[in-house]
């Protein structure tokens, strides 16, 4: 009897929490269709803010920057992170404490310290050498830096999960290390590579603080543009871009759900 | 080991090859992190020990002035502003982490009691909002808590806030934003702990102790502790250094350490002071991590706390 | 395949690093306040000189300065700071002297702007627009609003309606100084301290909503989020014209205790990628008709004497041209340096953190 009350209470709490999680997003979506620019009352349905978006070159270029940044940084991080992941696995019996510390550093460092360090450093190096002009280049560098650890850890854990005898078999099968990499290693860790790429991509698109401090005048990403628009106080247009981004996330969620379903089946 | 029976020279050659392999795989990434993170952080720490120039940029000679400023000593004698900021950061971290635990614990338990085919979907539902950008999520709360909205009207009707003022901007809005932002970080490790719960132990405890509270305390809670600790680390550390949420939801009243640091780098304010603040934040981060590790180890259970 | 991809990515990355230096030949980078430039002027300039103008915007001077320090100095050609930031930009070496031989239209500039106090001889600056910072308030909420800073600082005048102060600390502190009778442009540490205390008390009031920059403050007022705030005369008229309905109940006022008058100037950064084009642009803006077009667009007073015949009527009356009585009470925000700048920074950071 008491157990059932508990369960019922928990179910109620679950729905309440879901409402808490989705209410702010729902409000953004709702008000993106608001006919007036009031933030407090919904006065009627309209596509007005979306039309306004379409003609906005800054938003389009911010979108392009976000995509270039996410794709290029993820690809670089995938290459470098993959190598580290494999190195960590292959040499896991050695004392690699310093490497572990190094790899966890980008993860535990507070965003703001990360971003400001990079900014101060790039500014100083730029002053001395003329390299690292703030812009997409510096942002890519910063993003790769925080993506490497995640790629390395995912790849490492995939290797650890493999049967060690597989490696011996591969050694017998393929004569050269290059062939081993192409025909055995890459196919085996493909799922890890795919999930590492998507995680890197998500981390990059999601980042605001580090991008904000390493960006140059022409490299504003969508989050930076939205931040500027919030600070400027123009609201309904932000709702519209934000809704498009929420839509993209919802699609990603549905896809990932379908994948997990299929895996179960 | 595997080299037994091989001649010494072959053995050392193999070792050289292994070392070269290690270098080839690990060096690119390690170098990258050293150049683009360790070096910049070291530079920032150096800045903290420099003098604040007339327009806020670091200058020689070296000095401890920025730490004195951080502690509140300036041209005008001691002032408590930075102390307020620090205490506010600690308080917000404490309260929001506590609230996150209070919400996440039952939610994680509830998910683990549901039918197996529903669990991934439920977890996904909890996590999906955090896939949207932090700035957008926070903007959602700005819309929801602004003056004139139903929630603000309700709070006003209950006499919780002064008339005409919304729930945002306020310290309450910052707490809410933090809880919202970090909830999934707590639910996931707790769920992992609940899923592995040893039911035999729980049933034995139910027979042993009369009250369900005691059964929970002795059999369930200890088993979920590693997950709880992992969650606390994942929530408290980033919350302490938060920048976006207090900036957008605090409205000038909710400044936290992250904002103090960032402000010093804008408008030519004071780079060395900002760098000193960053060092304080780093110390707090590492103390937090270290403490969690110690507690985690003492609790044993063989389970190492994530991170 | 991954290796190929990595190589590709690396080369793309390298190209990006190197590429940011080149490809700026035919571009002019303008770093300006938001809503301050007529797009038609930009188009006309692009056509006349076969160049692409890239605009970036800031909401406050501290924001502008920090962007410049964080590498912007080599990426923007022209910046448009206000008078009190000019000396510190010159002293930190972030700007370069103008070559007046390339700016024949400088002769159009009114006499008082040819030799301003903040830049003797106008060696570095060419005036863009000038204006005032005043109190914008809701006339329905405050039908008998006093012409005074008390609308912001006296809890008895405004006990329970949300209000905002200016994000730029020097303006907010100046307002508090003026209210306390030390004058808007006070710099004496005792006066400042008292003003800072007033700001801290004001922040502690329940209906204080935050520190907001000038342009966003108007958005908040228009949407009813706040009922009093600080903003600029031209922006007020600009947005009133765009949204007459929301602005019908908003009014702009210059407090009798004194307030801010400012001049925004065009300056060329010291490492400008395209200084020649920057000079051409400045000359273009100082043309009589273009100068008038600019003022007619953004509702600010023109420092261009030759532009006068082309100005709309609204630009010849308050609030664009303040009344004579108001004019006497307007002051420049003091430009700070050395110890006084540091004292100000400390006081302001104290205000922010309480």
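The values are calculated or read from the model by the stated rules, or taken from the named source; none is laboratory data. What you see is a predicted model; the values in this text were computed from it and never measured. Don't worry about glycine lacking a Cβ; one is built from the backbone with ideal geometry, like all the others, and counts go over all protein chains shown.
Listing for the model above:
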read-out	value
Count of region A:210-224 residues which are within 16 Å of the chain's Cα centre (by Cα) and in a helix (DSSP H, G or I)	6
Cβ-Cβ under 7 Å pairs, at least 6 apart or on other chains, region B:61-73 side without any contact (Cβ under 8 Å) to a residue 40 or more places away in the chain, far side assigned to a helix (DSSP H, G or I) and surrounded by fewer than 15 Cβ atoms within 10 Å (Cβ to Cβ)	B:72/B:83
Members of region C:91-102 that are touching a residue at least 40 places away in the same chain (Cβ under 8 Å) and either in a helix (DSSP H, G or I) or crowded, with 20+ Cβ neighbours inside 10 Å (or both)	C:91, C:94, C:95, C:98, C:102
Residue count, region B:182-206 (criterion: closer than 30 Å to residue B:92 by Cα and more than 32 Å from the chain's Cα centre (by Cα))	0
Of all residues making up region B:39-51, the number that are facing another protein chain (nearest Cβ under 7 Å) and within 22 Å of the chain's Cα centre (by Cα)	3
Residue match in region B:15-34 (condition: at pLDDT 80 or above and either over 21 Å from residue A:86 (Cβ atoms) or part of a loop (DSSP other than H, G, I, E, B) (or both))	no
Test: residue in region A:61-70 that is under 26 Å from residue B:126 (Cα atoms), within 11 Å of chain B (Cβ to nearest Cβ) and either touching a strand residue (DSSP E or B) at 6+ places or on another chain (Cβ under 8 Å) or surrounded by 19 or more Cβ atoms within 10 Å (Cβ to Cβ) (or both)	yes
Of all residues making up region C:64-90, the number that are facing chain B (nearest Cβ under 10 Å) and free of Cβ contacts under 8 Å to residues at least 12 places away in the same chain	2
Given (1) at pLDDT 85 or above; (2) more than 10 Å from every other protein chain (Cβ to nearest Cβ), number of the condition residue B:254 does not satisfy	(2)
Test set (1) within 16 Å of residue B:142 (Cβ to Cβ); (2) without any contact (Cβ under 8 Å) to a residue 40 or more places away in the chain; (3) in contact with a strand residue (DSSP E or B) (Cβ under 9 Å, 6 or more places away or on another chain) - residue A:27 fails condition number	(3)
Matching entry among C:242, C:289, C:271 (being within 14 Å of chain A (Cβ to nearest Cβ) and closer than 25 Å to residue C:27 by Cα)	C:271
Selection status of residue C:246, in contact with a helix residue (DSSP H, G or I) (Cβ under 8 Å, 6 or more places away or on another chain) and either modelled with pLDDT under 90 or surrounded by fewer than 19 Cβ atoms within 10 Å (Cβ to Cβ) (or both)	yes
The one condition in (1) over 17 Å from residue B:84 (Cα atoms); (2) over 15 Å from the mean Cα position of the chain (by Cα); (3) at pLDDT below 90; (4) crowded, with 22+ Cβ neighbours inside 10 Å that residue B:209 fails to fulfil	(4)
Candidate set: region B:152-184, residues that are free of Cβ contacts under 8 Å to residues at least 60 places away in the same chain, touching a helix residue (DSSP H, G or I) at 6+ places or on another chain (Cβ under 9 Å) and more than 14 Å from chain C (Cβ to nearest Cβ); chosen: the one farthest from residue B:232 (Cα to Cα)	B:180
Every residue from region C:301-348 that is within 14 Å of chain B (Cβ to nearest Cβ) and more than 21 Å from the chain's Cα centre (by Cα)	C:338, C:339, C:340, C:342, C:343, C:346, C:347
For residue B:148: the one exception among (1) surrounded by fewer than 24 Cβ atoms within 10 Å (Cβ to Cβ); (2) within 12 Å of chain A (Cβ to nearest Cβ); (3) assigned to a helix (DSSP H, G or I); (4) without any contact (Cβ under 8 Å) to a residue 40 or more places away in the chain	(3)
Single residue of B:188, B:197, B:225 found to be more than 11 Å from chain A (Cβ to nearest Cβ), part of a loop (DSSP other than H, G, I, E, B) and more than 30 Å from residue A:41 (Cβ to Cβ)	B:197
Meets criteria (more than 30 Å from residue C:227 (Cα to Cα), within 8 Å of another protein chain (Cβ to nearest Cβ) and touching a residue at least 60 places away in the same chain (Cβ under 8 Å)) for residue B:126	yes
Meets criteria (assigned to a helix (DSSP H, G or I), within 30 Å of residue B:38 (Cα to Cα) and at the interface with chain B (Cβ under 7 Å from one of its Cβ atoms)) for residue A:116	yes
3 or more residues at pLDDT 95 or above: qualifying helices (runs of 4 or more DSSP H) within region C:255-353	C:275-285, C:288-298
Residue count, region B:157-181 (criterion: closer than 23 Å to residue B:95 by Cβ and outside any loop (DSSP other than H, G, I, E, B))	11
Matching residues, region C:135-177, being outside any loop (DSSP other than H, G, I, E, B) and without any contact (Cβ under 8 Å) to a residue 24 or more places away in the chain	C:177
Residues (touching a residue at least 60 places away in the same chain (Cβ under 8 Å) and within 20 Å of residue B:279 (Cα to Cα)) located in region A:101-141	A:111, A:112, A:114, A:115, A:116, A:118, A:119, A:122
Check on residue C:30, modelled with pLDDT of 90 or more, within 18 Å of the chain's Cα centre (by Cα) and outside any helix (DSSP H, G or I)	yes
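Conditions (1) surrounded by fewer than 22 Cβ atoms within 10 Å (Cβ to Cβ); (2) within 14 Å of another protein chain (Cβ to nearest Cβ); (3) at pLDDT below 95, marked per residue:
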position: C:113; (1), (2), (3): yes, no, yes
position: C:125; (1), (2), (3): no, no, no
position: C:135; (1), (2), (3): no, no, no
position: C:138; (1), (2), (3): yes, yes, no
position: C:148; (1), (2), (3): yes, no, no
position: C:154; (1), (2), (3): yes, no, no
position: C:159; (1), (2), (3): yes, yes, yes
position: C:167; (1), (2), (3): no, yes, yes
